[in-house]
Amino acid sequence: MINRKVVVLTGAFVCIAGCIGDFLSFFILGPEYPGYSQLSDTMSSLGSSLSPVSEIISICWIILGILMIIFAFGFKTAYSPGNKYLKIAFWLIILYGLGEGLGSGLFKADRVSGSYTTSFLVHDILGGAGVIAILILPLFVVKIKPFFSSRGFIGFSHITLILGALFLILFSFRFIENGNNIIADYKGLWQRLFVLVYYIYLMTISVKMIIKMI
């Protein structure tokens with residue numbers, strides 16, 4: 001039987017590594033795609049078939065998905081067994097790993113003659129499910145012992161949720177067909193800020209898991 005401490009620490013460390021590695025990968029690989037803008041282009045376009053780093057970024061996303069699933073098991077092992085909110089949080093993290101990680105890596109956001117491909121639609125559906133899962137995660141984490149006894153963490157969770165919802169709404173402006181849609185012009189920025197906010201949240205949880213085991 002695998003030692004509980006090993007499972008928890010492994011989950012925490014792979015989460016931190018995955019969050020940092022994924023976020024940095026866009027700034028490292030982005031310059032390899034001529035004309036690609038971190039501010040105006042989505043992360044998905046970096047993994048499309050037109051991108052010269054398509055295969056590399058897809059592999060990175062698949063690895064991220066696997067790491068998030070490992071983190072989910074570490075998180076579940078670290079805290080109150082039998083807690084219904086822990087179970088929900090566990091599955092939300094799993095869904096994020098499957099949707100934004102494995103789903104985005106396996107299905108490219110490709111268009112053919114301006115039309116959406118099946119791969120694009122699957123990519124968007126799975127990615128969207130993953131985004132919603134991670135968006136609402138703080139609502140359930142704060143109901144898990146010992147998180148609900150920390151006023152500081154509860155406040156941090158609320159701020160994360162508010163900022164996440166705000167950046168997601170701004171990112172959604174890209175669906176509005178308007179030639180003067182200034183907000184949509186910065187869709188890459190809103191998406192990255194959303195990811196940054198939630199990666200900080202996940203890494204904070206990971207640090208708490210590490211402290212708990214030391």
Q: State the number of residues belonging to region 29-39 that are surrounded by 13 or more Cβ atoms within 10 Å (Cβ to Cβ) and either in contact (Cβ under 8 Å) with a residue 40 or more places away in the chain or β-branched (Val, Ile, Thr) (or both).
A: 2
Q. Tell me, which residue of region 123-141 that is β-branched (Val, Ile, Thr) and under 14 Å from the mean Cα position of the chain (by Cα) is surrounded by the most Cβ atoms within 10 Å (Cβ to Cβ)?
A. Ile134
Q: Hey, can you tell me all the residues within region 178-203 that are more than 18 Å from Ser45 (Cβ to Cβ) and without any contact (Cβ under 8 Å) to a residue 12 or more places away in the chain?
A: Asn178, Gly179, Asn180, Ile182
Q: Could you grab the pairs with beta carbons closer than 6 Å, sequence gap of 6+ or different chains, first residue in region 56-74 and under 18 Å from Gly127 (Cβ atoms), second one at pLDDT below 95 and not in a helix (DSSP H, G or I)?
A: Ile57/Gly47; Ser58/Gly47
**Q.** Positions within region 132-188 being outside any helix (DSSP H, G or I) and among the basic types (Lys, Arg), in sequence order
**A.** Lys143, Lys145
Q) Would a scan of region 180-192 turn up a residue that is surrounded by fewer than 19 Cβ atoms within 10 Å (Cβ to Cβ), touching a helix residue (DSSP H, G or I) at 6+ places or on another chain (Cβ under 6 Å) and modelled with pLDDT of 95 or more? A) no
Q: Mind listing just one residue for me: the one in region 193-214 that is among the hydroxyl-bearing types (Ser, Thr, Tyr) and surrounded by fewer than 20 Cβ atoms within 10 Å (Cβ to Cβ) and, of those, nearest to the chain's Cα centre (by Cα)?
A: Tyr199
Q | Test: residue in region 83-93 that is in a loop (DSSP other than H, G, I, E, B), at pLDDT below 90 and of a type outside the set (A, V, I, L, M) | A | yes
Q.
Quick check on Ile210: is it hydrophobic (A, V, I, L, M, F, W, C), outside any helix (DSSP H, G or I), touching a residue at least 12 places away in the same chain (Cβ under 8 Å) and within 20 Å of Ile16 (Cβ to Cβ)?
A. no
Q.
Within region 4-13, does at least one residue satisfy the condition of being in contact with a Cys (Cβ under 9 Å, 6 or more places away or on another chain), at negative phi and surrounded by fewer than 20 Cβ atoms within 10 Å (Cβ to Cβ)?
A. no
Q | Residue identified as under 28 Å from Met209 (Cα atoms), basic (Lys, Arg), more than 16 Å from the chain's Cα centre (by Cα) and surrounded by 18 or more Cβ atoms within 10 Å (Cβ to Cβ) among Lys76, Lys145 | A | Lys76
**Q.** Candidate set: region 8-41, residues that are among the polar types (S, T, N, Q) and farther than 19 Å from Gly97 by Cα; chosen: the one nearest to the chain's Cα centre (by Cα)
**A.** Gln38
Q.
Which residue is farthest from Phe194 (Cα to Cα), if the candidates are limited to region 42-55 and must be within 18 Å of the chain's Cα centre (by Cα), in a helix (DSSP H, G or I) and not small (Gly, Ala, Ser)?
A. Leu46
Q) Could you say which residue among Ser104, Ser119 is among the small types (Gly, Ala, Ser), out of contact with any strand residue (DSSP E or B) (no Cβ under 6 Å at 6 or more places or on another chain), farther than 22 Å from Leu196 by Cβ and in a helix (DSSP H, G or I)? A) Ser119
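The values are calculated or read from the model by the stated rules, or taken from the named source; none is laboratory data. Values in this document were obtained by computation on a predicted structure and should not be read as measured data. Quick reminder, even Gly has a Cβ in these numbers, built from the backbone with ideal geometry, and neighbours come from all protein chains shown.
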